[in-house]
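Input: a single structure, listed below in structure tokens.
FYI, it's all coordinate maths here, none of it is from the lab. What you see is a predicted model, and the numbers here were worked out from it, not measured in a lab.
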Amino acid sequence: MGRRLSRRLFDVAVKTKSLTREERERARVYEARRALRDAQLRRRKRDNVVVSIVAGLVMLAAVGAQALYYASGPGAPQPEAPETPASDTPAVEPTPPAVTPAS
């Protein structure tokens, strides 16, 4: 009977030791998953910031290109020929020919 008791105690000790080993393994795997998830979240945030900045720059470049194109390209208003303003010198009117009396 003493032998059975010591065998049971040995079995309990082995099970406790293996459970502790299993618990350590589970904890290690859990921590690895947490670390991976945290790294993925940080990467997603960084990628979102980079994409937002690039998208903003592309939109600014598109708006600037359109403004430049329509200000100086075919969309620009054509300059009109200036009207000739009245000159400061008086216009010369032709004088009628002098009439000589016929006698």
Stretched fully, the stretch from Asp38 through Ala61 gains (0.36 nm per residue minus C-alpha distance, one decimal, in nm) 4.8 nm
The extension gain from Asp47 to Arg24, computed as 0.36 nm times the residue separation minus the Cα-Cα distance, is 4.9 nm
